[in-house]
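**Student:** Below is one structure. I have some questions about it.
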Amino acid sequence: MISISPKTKQFLLFLIKVLIVGGAFYFIYNQLANNDKLDWQKFIVLFHKNYSLGGIAFLLLLSVLNRFFEILKWKNLVSFLHKISLLEATKQVLSALTAGLFTPNGVGEYAGKALYFEKSKAKIIVFLNLICNGIQMILSVVFGIFGLLYFNANYNIITTKTVSMLFVICFLLFVILFFSKKINIKGYSIERLIHKTKEIPKSIHQKNIFLAVCRYLVFSHQYYFLFLAFDVDLPYFTLMATIVSVYFLASSLPTFQFLDFAVKGSVAVYFFGILGVNEWIVVFISTLMWFLNVVLPVVIGSYYVMNFKILTPTLSKGEGDGT
């Protein structure tokens with residue numbers, strides 16, 4: 001077994017930190033500087049026209065609330081193991097977001113959070129993170145399906161027959177999952193996951209759902225207010241139905257955090273194009289949403305990544321004291 005000296009470990013950890021933070025900033029710069037769909041001239045003109053310190057402060061507040069509810073969700077779920085402070089929860093969420101920037105669907109977040117805990121707790125931390133992200137995905141599916149139905153009822157992009165077929169497919173998938181819940185894959189099964197979920201107190205689940213709903217409403221309405229800021233005049237329910245539909249479909253596609261705005265932007269261009277909204281406005285709003293809700297938290301998270309220290313294992317009674 002190869003032994004690594006403490007100094008070498010420190011150097012390797014520092015190198016990993018620099019690669020994560022440096023890579024994050026490189027991809028952020030690359031996406032903002034080399035996106036030919038972003039017409040900065042039009043943006044500057046519209047910005048000067050609708051410039052408002054109150055409006056900017058309000059949008060920034062929504063971004064803070066978006067991440068704040070996510071931090072509260074994580075603090076609440078971790079309380080199943082032990083209580084952590086709001087500052088500690090903030091550190092874990094933002095540094096994990098930074099570490100997950102390059103991984104498909106933010107998978108790196110799971111490992112990022114697990115590093116803040118003892119190795120023996122890694123599996124339960126990954127499981128808690130799955131619940132944390134899972135409830136957000138469930139909400140996007142529920143709201144998204146209703147949004148798609150409302151959008152389709154008004155604009156008829158797919159036929160009633162196709163909608164019926166989709167419901168049949170979803171029903172069949174549900175039946176297959178129900179009857180296959182006992183099938184084990186490397187010791188894991190849906191039934192076991194359900195059992196593990198039930199071990200967590202109902203009060204924690206209820207608070208998690210409430211905070212997830214708050215976060216979803218904040219995020220979706222930030223999208224809505226940005227469209228208003230760009231002079232998009234559409235009925236509230238039409239605009240919100242389109243937003244939740246785009247969010248649902250884009251979230252269903254496997255992607256990387258640093259490409260998140262590009263994927264959501266592509267889906268949004270199609271849906272908002274049907275409503276007659278200019279493509280450049282849709283692309284800019286998707287980019288701003290990405291900047292406000294991913295880039296800014298990653299900048300703060302980079303500080304926590306650079307200050308991260310490997311958790312020193314606690315010695316059990318009798319270890320290291322000569323007994």
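**Student:** With labels modelled as points extended 7 Å from the Cα through the Cβ direction, what inter-label distance (nm, one decimal) is found for L87 paired with T238?
**Tutor:** 5.0
**Student:** For a 23 Å ceiling on Cα separation, which of these pairs sit above it: K207/K309; K91/K202; K73/K123; K119/K202; K75/K309; K91/K196?
**Tutor:** The pairs that break the limit, which is 23 Å between Cα atoms, are K207/K309; K91/K202; K119/K202; K91/K196.
**Student:** A follow-up question, please. Name the residues of segment 65-86 whose amide N is less than 15 Å from a point 7 angstrom out from the Cα of I300 along the C-beta direction?
**Tutor:** The answer is 65-75, 86, whose backbone nitrogens lie closer than 15 Å to the label point.
**Student:** Using per-residue counts of other Cβ atoms within 10 Å, averaged over each peptide, order 78-84, 276-282 from highest down.
**Tutor:** 276-282, 78-84
**Student:** Name all residues of segment 50-74 having a backbone nitrogen under 15 Å from the label point set 7 Å from the Cα of C214 along its Cα→Cβ direction, giving them as ranges.
**Tutor:** Within reach of a label on C214, which here means backbone N under 15 Å from a point 7 Å along Cα→Cβ, segment 50-74 contributes 62-74.
**Student:** Points 7 angstrom from Cα along the Cβ direction at S52 and V107: gap in nanometres?
**Tutor:** My value for the distance between the label points is 4.4 nm.
**Student:** Which value, in Å² rounded to 10, gives the accessible area of I138 with a 1.4 Å probe and all protein chains present?
**Tutor:** Looks like 100 Å² after rounding.
**Student:** Gain in length, D231 to W280, computed as 0.36 nm per residue apart minus the alpha-carbon separation, to one decimal in nm?
**Tutor:** This chain segment gains 16.4 nm when fully extended.
The values are calculated or read from the model by the stated rules, or taken from the named source; none is laboratory data. Nothing here was measured: the structure is a model prediction, and the numbers come from that model. A quick note on method: Cβ atoms are made from the backbone with ideal geometry, for glycine too, and the neighbour counts reach across all protein chains shown. These accessible areas exclude ligands, DNA and RNA; they are computed on the full protein's heavy atoms, side chains included. Shrake-Rupley method; radii C 1.70, N 1.55, O 1.52, S 1.80 Å.
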